[in-house]
Amino acid sequence: MLVLIGILIIIAGFLLRFNPLLVIMASALATGLAAGLDIAAIIAAFGKAFNDTRYVSIVWIVLPVIGLLEAYGLQQHARSLIDRMKGATLGRLLTSYLLLRQAMAAVGLTSVAGHAQTVRPLVAPMAEAAAEAKNDALTDDQREEVKAFSAATDNVGLFFGEDIFLAIGSILLMKGLLEGYGYVIEPLHFSLWAIPTAIAAFIIHGFRLRRLEKRMAQKTPGQEASA
Amino acid sequence: MITLGFVYVLTGLTFALFAALGVADRSNPKRFGNAAFWALLALSMLGGDWLGDFGNGLLVLALVAIAGTGQIGRAPGGDVPAEEQAAHAARHGPFLLLVALIIPAVALAGTFLFKWVPGLADPKQATLISLALGVLIALGVGMARLKPPLLLPAQQGRRLLDAVGWAAILPQMLASLGAVFALAGVGEVVGDLIGTAIPHGSLFGAVLAYGLGMAFFTMVMGNAFAAFPVMLAAVGMPLLVMQYEGDPAVVAAIGMLAGFCGTLMTPMAANFNLVPAALLELKNPYGVIKAQIGTALPLLAVNIVFIWLFAF
């Protein structure tokens with residue numbers, strides 16, 4: 001029971017808004033000590049895992065390219081494309097991206113798009129421009145919501161597309177675990193059972209994107225428009 | 001053959017360059033903290049395999065000390081003026097879009113190429129290696145045509161990374177915390193607790209506990225992969241599959257997706273929820289989570305109903 005102290009530290013730390021890196025370190029040390037490990041062993045275990053998961057941080061190498069393109073006006077160009085496309089509403093734009101992201105993830109192409117590669121330089125500015133096309137007095141809060149939904153759409157598309165792909169990590173994990181219990185199941189079965197949820201995710205999130213479009217088209221009286 | 005090691009070297013050199021440019025940026029009052037932070041990350045990428053487990057642990061402690069004492073900050077300004085950007089955009093617009101699409105296009109093509117033609121690159125890491133190659137090609141093409149000052153991409157890239165700040169290593173930190181949790185047996189303890197809390201005799205009650213437990217435990221751990229083995233052992237196998245004879249493929253597959261609904265709602269899944277908020281410069285660090293809750297909750301309900309309908 002004592003090892004659960006780490007979970008309490010995490011929850012309390014996030015709620016009290018301490019620096020998350022400190023909270024994580026404190027949680028790791030407390031959990032390890034509660035389990036009877038000595039400090040050196042905890043630090044070594046943490047260090048090993050940190051080194052083994054470096055691939056998570058590879059994505060930052062795209063930043064120089066994004067920085068170069070943004071300095072030369074990529075975001076402005078992405079916006080002007082939307083201005084020229086008359087039918088490109090906020091809802092349609094993000095719903096198309098949702099479908100594209102789900103479809104790509106379903107065939108295993110999960111790292112092709114993402115927050116650094118596509119959302120910041122392309123999807124978010126395009127979504128903002130599409131919202132502006134319907135509402136010339138978009139407030140800062142509305143702008144913030146459009147950007148947040150651009151990132152959310154990327155996540156929903158990725159999560160509820162990737163499990164349709166046969167060789168994704170989660171399917172291999174399920175297969176391995178169930179074999180441990182004596183059930184040998186083909187990866188294809190897991191893939192097929194991910195499809196109903198993928199469809200439901202598309203319908204639910206697509207519906208919310210339509211409502212977002214309507215909400216963003218409403219001008220809030222009394223609030224100053226941002227320049 | 002190209003391996004992930006090549007990508008780590010490239011990433012390490014990029015961080016080292018950010019550190020060097022950071023220390024020279026006198027407009028940033030916290031330039032030494034920033035430079036030390038990115039320099040340590042460069043060391044991790046370049047030499048992590050030679051530091052040993054304890055050495056890597058000390059490196060992490062140093063990163064936490066720098067960030068935790070507030071030594072990291074970004075310099076004000078440094079944006080290329082909007083008019084200048086607009087003027088460039090009018091001239092180079094379609095080209096910029098083309099270069100931006102080089103990265104996903106090369107990642108796509110490389111993923112297939114490296115799997116079909118063995119010997120070029122490690123097929124297990126095909127996408128990450130292709131992503132890195134895409135970056136190099138895009139940078140080369142962009143520099144050749146736009147002819148910017150040599151260091152402009154690195155300077156602008158550093159500014160973007162400074163905006164993300166310490167959140168850049170949050171995903172790696174949380175993954176490492178998960179490893180310590182596993183070592184300490186946190187999962188088994190939580191599993192036992194949930195197992196004893198389920199009302200007996202109700203099939204739907206068991207399905208509900210399994211789905212909600214997956215989502216909740218994923219929120220705590222930040223990762224459905226960490227929650228899944230625990231919930232499967234505590235509820236999925238003993239109750240849903242063995243006692244009520246549910247289809248194990250459905251219980252596993254849709255149970256995992258119930259966990260993904262939890263991922264959408266937790267700051268612990270930093271790379272999906274907190275990092276993009278920083279990258280998009282949102283005022284509310286939880287803005288992305290806020291946008292996702294309205295999708296995650298109904299979808300969680302749908303998943304629970306799907307398990308109940310399809311597994312039995």
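Estimated from helices alone, the mean residue ellipticity of chain A at 222 nm is -21500 deg cm²/dmol (sum of -39500 (n - 2.57) over DSSP H runs with n ≥ 4, per residue). Dipole magnitude for chain B: about 940 debye, using +1 per Lys or Arg Cβ and -1 per Asp or Glu Cβ, origin at the Cα centre. Each stretch of four or more DSSP H residues adds -39500 (n - 2.57); spread over every residue of chain B, this sum gives -25500 deg cm²/dmol at 222 nm.
Quick one: compute a quarter of the convex hull surface over the Cα atoms of segment A:81-167 and quote it in nm².
Its Cα hull, projected and averaged over all orientations, spans 5.5 nm².
Restricting attention to the protein assembly as shown, lysine pairs at least eight places apart or on different chains and with alpha-carbon atoms under 28 angstrom apart total 23. Averaged over the residues of B:38-44, the number of partner chain Cβ atoms lying within 10 Å of the residue Cβ comes to 1.
From most to least packed by mean Cβ count within 10 Å, the peptides B:14-20, B:95-101, B:143-149 give B:14-20, B:95-101, B:143-149. Ranked by how many other Cβ atoms sit within 10 Å of their own Cβ, fewest first, the residues B:T127, B:T263 fall in the order B:T127, B:T263.
The residues neighbouring B:N284, those whose beta-carbon lies less than 15 Å from its own, together hold a net charge of 0 under the Lys/Arg +1, Asp/Glu -1 convention.
If you add up the charges near B:A175, with Lys and Arg at +1 and Asp and Glu at -1, over every other residue whose beta carbon is less than 12 angstrom from its beta carbon, what do you get?
Neighbour charge sum, excluding B:A175 itself: +1.
With an 8 Å Cα cut-off and a minimum separation of 6 or more residues, compute the relative contact order for segment B:88-157 in percent. The partial results should precede the final answer.
Values: 48 pairs, mean separation 23.4, N = 70.
Worked out over segment B:88-157, it gives 33 percent.
For the peptide B:80-87, the mean number of other protein chain Cβ atoms found within 10 angstrom of a residue's Cβ is 3. With a cut-off of 10 Å between beta carbons, the residues surrounding B:N34 carry a summed charge of +2, where Lys and Arg count +1 and Asp and Glu -1.
Using modelled amide H (1.01 Å from N, peptide plane; none on Pro or chain starts), what sits under 5 Å from the amide H of B:I2, excluding residues fewer than 5 places away? Residues meeting the criterion, in which the H sits 1.01 Å from N, are B:A121, B:D122.
Given R₀ = 45 Å, FRET efficiency for A:E186-A:D141 by Cβ-Cβ distance, to 0.05? Step by step, r from the Cβ atoms, then E = 0.40.
With the charge dipole of chain A set up from +1 on Lys and Arg Cβ and -1 on Asp and Glu Cβ about the Cα centre, the Cα lying farthest toward the positive end among the listed residues A:A113, A:F202, A:S191 is that of A:F202.
Among B:L257, A:L109, the order by Cβ neighbours within 10 angstrom, fewest to most, reads A:L109, B:L257. Placing +1 on the Cβ of every Lys and Arg and -1 on the Cβ of every Asp and Glu, with no other charges, gives chain A a dipole of roughly 500 debye about its Cα centre. When chain B is described by a simple charge dipole with +1 on each Lys and Arg Cβ and -1 on each Asp and Glu Cβ, the residue from B:A67, B:L239, B:G211 located farthest towards its positive end is B:A67. Distance from the Cα centroid of segment A:173-205 to that of segment A:115-129 is 31 Å (rounded to whole angstrom).
Sorting the segments B:37-47, B:192-202, B:246-256 by their residues' average number of neighbouring beta-carbon atoms within 10 angstrom, most packed first, yields B:246-256, B:37-47, B:192-202. Mean partner shielding of peptide B:88-95, defined as the number of other chain Cβ atoms within 10 Å of each residue Cβ, is 5.
Scoring A:118-126, B:56-64 by mean Cβ neighbours within 10 Å over their residues and listing the highest first yields A:118-126, B:56-64. With a simple spin-label model that places each label point 7 Å from the Cα along the Cα-to-Cβ direction, the separation between B:L58 and B:L309 comes to 5.9 nm. Pairs of alpha carbons in the protein assembly as shown separated by more than 44 Å make up 14% of all such pairs.
Read-outs: derived from the displayed coordinates by stated rules, not from any lab. These figures come from a predicted structure and were not determined experimentally. For neighbour counting, all protein chains shown are included, and Cβ atoms are generated from backbone atoms with ideal geometry for every residue, glycine included.
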